[in-house]
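The structure appears below as structure tokens.
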Amino acid sequence: MNVKSVEKLENSKVELLIEVSGEELEAAIDAVYKKQRGSINVPGFRKGHAPRKVIEGMYGATVFHNDAVNESYHEHYEQAIRQEGLESVGYTDITVLEVGKTGYTFKAVLTVRPEVTLGQYKGVVVPAADLTVTEEDIETEMKAYVNRATRLVAVERPSKKWDTVVIDFQGFLDGEAFEGGDAEGYELELGSGSFIPGFEEKIIGMKAGEEADLDLTFPEEYHEELAGKPVVFHVKVNEVKEKALPEMDDEFAKDVSEFETLAELKQSLADGAREHKQSQAKQAFEDAAVAKAVEGMQAEVPADMVQYQSDRLFNSFKDRITAQGIPFEQYIEMMGMTPETLKNQANESAQEMVRRELLLHAVAQAEGMALTDEELDEAYAEIATEYQMPIEQVKKNIPVSDVAKDQLDRKARQFIIDNAVEGEVEAKAETAPGEEPVAAQNAPAEEKPKRKKAAAKKEPADATDEKSAEVTAPKKRSSAKKAEKAEKTEE
């Protein structure tokens, strides 16, 4: 293999012209012959035993050339970029230019890491977090325990929002009952949004014993048989139940926890809230320190590098959904998304990931960071433990360069964090939408009531009821998985 030329192009691209000798092509052709001869029938020879020259005489002298080129150029490309000290950070376009008896020539255009001008990455100032635990924090923590002790009591008044009604219902399309549109003794919390729009709202105000016909229309995104169709649900209300909140006293504390008094329970919740805030503050400090360093960095990020990372995120997400037994197309339809929506979100995440990776690589170089053999062995051992594989198999499957890059990025990140400075106190941030109270983590997990199958529900009847952190669209920043939200009502 001979690299005939190396030309730098725009947008962090490099073009290589690579020449493969006749001897190397001959070795590749012979390897293809040995691989394929078992599937070629030649009269007069046992299958798999026909000489190469006989096969070439029957099918042409270049019968194995195309496969030989296709199976060998990647190896020569890898040799070439190692020889030239290049690293591909995106997709590579390879074009075979000429194939002959004396070898072949191909062109490879690859994206390389752009030049990075570091800003301040040592001593970046990160605002200090407010770790004060307030009464409001404790009340938020307490909600999960209150919900666990809340009972549902039958009432004789008209139903209100957040009441639970026990209903029988049956759905009709064009006067005919449709499959999956009926249930008896179904418990529905009004306001939960469990059913299609209008269903719960029309039940509010009904009393036990009352019946009504609800004129509704299924959403357009519902499954095909009912999507956008006008239907009638005949509903009978059997019971109306309201929440009976517990008395907040020492007996309550004994019932819901291991503590003897309400004061002890509150102190425990305060301690848990403080630990949670400290953990969040540590993670936020580390993320903010790296983000500050990224802000100060200057680099022209190659579009191909972002696209490569974006495709990896999208495909990884798709694989996770499929691994859970959910057809990907069904999942995105159920969530009201499109592949384009997810790809756009993946692209946003990829932009940040690529800039962060460029920063960490540049910091590692600037600080002359290197790995010892012991550190590499420890990294391989960690991977082997994580995936429960023999370390020899891990070393065979994962190149040293990949492991070393990951470990150097970790070192660079820790270097930035260790040298960051805590600044002025930051104003207390409100809990982000969708973020669960800390109590959901501290309180014992409560089993959710199982929902009954009904076609009136928003999700298709065969959709999974719970949506875990593993089945969410790519976010701008991955963080620790959040616990499930505490339910508004538990029996």
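The values are calculated or read from the model by the stated rules, or taken from the named source; none is laboratory data. Computed from a predicted model, the values in this text were never measured in an experiment. Ideal geometry is used to build each Cβ from the backbone, glycine not excepted, and the neighbour counts take in all protein chains shown.
Quick notes on this structure:
- A Cβ distance below 6 Å, combined with a sequence gap of six or more or placement on separate chains, defines the contacts here; from the range 96-117, residues that are part of a strand (DSSP E or B) reach residues that are surrounded by 18 or more Cβ atoms within 10 Å (Cβ to Cβ) and among the acidic types (Asp, Glu) in the pairs 105/19; 111/304.
- Within the range 18-76, restricting attention to residues that are among the hydrophobic types (A, V, I, L, M, F, W, C) and more than 30 Å from residue 109 (Cα to Cα), the residue that is surrounded by the fewest Cβ atoms within 10 Å (Cβ to Cβ) is 61.
- Considered as a group, the residues in the range 146-197 that are touching a Gly at 6+ places or on another chain (Cβ under 9 Å) and among the polar types (S, T, N, Q) include one that is surrounded by the fewest Cβ atoms within 10 Å (Cβ to Cβ), and that residue is 170.
- Residue within the range 7-17 that is among the hydrophobic types (A, V, I, L, M, F, W, C) and exposed (fewer than 14 other Cβ atoms within 10 Å of the Cβ) present: yes
- Meets criteria (surrounded by 12 or more Cβ atoms within 10 Å (Cβ to Cβ), in contact (Cβ under 8 Å) with a residue 60 or more places away in the chain, among the β-branched types (Val, Ile, Thr) and out of contact with any Lys or Arg (no Cβ under 6 Å at 6 or more places or on another chain)) for residue 332: no
- Test: residue in the range 155-162 that is in a helix (DSSP H, G or I), farther than 30 Å from residue 4 by Cα and polar (S, T, N, Q): no
- The listed residue being on the phi > 0 side of the Ramachandran plot and under 38 Å from the mean Cα position of the chain (by Cα), out of 181, 193, 205: 193
- Of the residues in the range 222-239, none is surrounded by fewer than 20 Cβ atoms within 10 Å (Cβ to Cβ), within 40 Å of the chain's Cα centre (by Cα), more than 22 Å from residue 336 (Cβ to Cβ) and without any contact (Cβ under 8 Å) to a residue 24 or more places away in the chain.
- Selection over the range 363-382 of residues that are surrounded by 13 or more Cβ atoms within 10 Å (Cβ to Cβ), within 20 Å of residue 416 (Cβ to Cβ) and out of contact with any helix residue (DSSP H, G or I) (no Cβ under 8 Å at 6 or more places or on another chain) gives a count of 2.
- Look at the range 1-15: where a residue is acidic (Asp, Glu) and a partner is modelled with pLDDT under 95 and assigned to a loop (DSSP other than H, G, I, E, B), sitting 6+ places away or on another chain with Cβ atoms under 9 Å, you get 15/9.
- The set of residues in the range 240-297 being acidic (Asp, Glu) and in a helix (DSSP H, G or I) consists of 250, 251, 255, 264, 271, 275, 286, 287, 295.
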